[in-house]
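Undergrad: The structure is given below, and queries will be raised subsequently.
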Amino acid sequence: MARWVGIDYGSKRIGVAVSDAAGRTASPVATVRAEQSHAANAAAVLAVAAEYAPAGFVVGLPLNMDGTDSPQTRYSRRFAKVLEDAPGPEQARRDVVLFDERLSSFQADALMEEAGVPRGRRGDLRDSFAALAILRAFLDSRPVGEAPEAKS
């Protein structure tokens, strides 16, 4: 088993979370200010993730409640492809999985409440906790010990 990095990709901020090496638990690690280009954002996420040596990345896919794509869904899909193909010293190509993130913001609020995060700090941490919600849902969606195939 290996670590996974969860990403809540937005046009203003990018939340990042990471799993443990066993792929059982996860923690929020950072919120990155988004830039204009997907390439710059991919480089920023890779810089945060570098110390964890992840096997792959889980990018939240913000589908509409009826399962259809929105403009943000297409934006996230483009980012996932750029992230997958981004150059890096660790590997020429990396596993990137798109994962349904509907209601991750609500889950982030619940996780912050559960963790005892003071209300005044929640705005700063919401994106990394949304990434945590996405990553936890991804980890919980698969049988223990199974590594999913990358999909983009």
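Undergrad: Against the globular-protein guess of 2.2 N^0.38 Å, express the Cα radius of gyration of the chain as a ratio, rounded to two decimals.
TA: Taking the Cα Rg and dividing by 2.2 N^0.38 Å, one obtains 0.96.
Undergrad: If we count other beta carbons within 10 Å of each Cβ, what is the order of 7, 14, 134, fewest first?
TA: 14, 134, 7
Undergrad: Taking Rh as the Kirkwood radius computed over C-alpha pairs, what is the Stokes-Einstein D of region 1-82 at 20 °C in a medium of viscosity 1.002 mPa s, expressed in µm² per second?
TA: Diffusion coefficient, whole number: 164 µm²/s.
Undergrad: Another question about this same structure. Within 10 Å of each residue's Cβ, count the other Cβ atoms and sort 68, 73, 25 from fewest upward.
TA: 68, 25, 73
Undergrad: Could you list which residues have their amide H under 5 Å from that of residue 57, counting only those 5 or more apart in sequence or on another chain, with H placed in the peptide plane?
TA: When sequence neighbours closer than 5 places are left aside, the close amide H contacts are 5, 95, 96, 97.
Undergrad: Can you put 119, 142, 126 in order of Cβ neighbours within 10 angstrom, beginning with the fewest?
TA: 119, 142, 126
Each reported figure results from applying straightforward, stated rules to the coordinates on display, with no laboratory input. These figures come from a predicted structure and were not determined experimentally. A quick note on method: Cβ atoms are made from the backbone with ideal geometry, for glycine too, and the neighbour counts reach across all protein chains shown.
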